[in-house]
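Chemist: Can you read through this structure? Questions will come right after.
Bear in mind these aren't lab numbers, they're just calculated from the coordinates by the rules spelled out. Note that the coordinates shown come from a computational prediction; the quantities given were computed from them, not determined experimentally. Here the Cβ is made from the backbone with ideal geometry for all residues, glycine too, and neighbour counts use every protein chain on show.
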Amino acid sequence: MPLLGYSKWENFHKVLKRAMIACETSNNNVNDHFPELRKMVDIGSRTKRETIDYHLSRYAFYLIVQNANPRKKSVALGQTYFAIQTRKQELTELEYSKLSEDEKRLYTRILVNNKNKYLFKTAKEAGVENFGKFNNFGYKGLYNGETAKQITKRKNINNDVESRIK
């Protein structure tokens, strides 16, 4: 709210409600993108009151910026940012559609490789030391709790390089 230049909850709440309507009208679940959280806040004299807060998704924030007052500088900058990023994505998709299947596969491999480098760099900075275990937890998250070994077995994948050459 303050980051977008709103000082009164009543004014921001109107923007929030419009964003929720846009979310619902677009056949998205509002609770997935605007989940309500209840928290206690101090109101003085050692008294607390329960208040509503929201844990916004990226999509929710995008809708809020679209529905906010463009006369506020931070809102105008946000709207401009999203417009530029949308155009960049359109151009990327246009260029991508012109690639052959082999070029698309190579492009995707490069993207995944770069994202993995970033992931491992961030993990290392966060103190991860056992990257085997780190990877395995990643597989568990992606494959419904299965480890890399379980996935390999279920898909009947032989990891022996020599057997793949034969």
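Chemist: Would you mind listing the helices (runs of 4 or more DSSP H) fully within the stretch 21-100 where at least 1 residues are in contact with a Cys (Cβ under 9 Å, 6 or more places away or on another chain) and surrounded by 10 or more Cβ atoms within 10 Å (Cβ to Cβ)?
Modeler: Numbers: elements: 30-33, 58-67, 73-97.
Helices (runs of 4 or more DSSP H) meeting the threshold: 30-33, 58-67.
Chemist: Could you tell me whether Lys104 is charged (D, E, K, R), more than 30 Å from His13 (Cα to Cα) and out of contact with any strand residue (DSSP E or B) (no Cβ under 6 Å at 6 or more places or on another chain)? Can you show your working first?
Modeler: Details: charged (D, E, K, R): yes; more than 30 Å from His13 (Cα to Cα): yes; out of contact with any strand residue (DSSP E or B) (no Cβ under 6 Å at 6 or more places or on another chain): yes.
It is true that Lys104 is charged (D, E, K, R), more than 30 Å from His13 (Cα to Cα) and out of contact with any strand residue (DSSP E or B) (no Cβ under 6 Å at 6 or more places or on another chain).
Chemist: Here's a follow-up. For Glu125, indicate whether it is free of Cβ contacts under 8 Å to residues at least 24 places away in the same chain, loosely packed, with under 11 Cβ neighbours inside 10 Å, under 26 Å from Gly138 (Cα atoms) and charged (D, E, K, R). Can you show your working first?
Modeler: Values: free of Cβ contacts under 8 Å to residues at least 24 places away in the same chain: yes; loosely packed, with under 11 Cβ neighbours inside 10 Å: yes; under 26 Å from Gly138 (Cα atoms): yes; charged (D, E, K, R): yes.
Taking the combined requirement at face value, the residue satisfies it.
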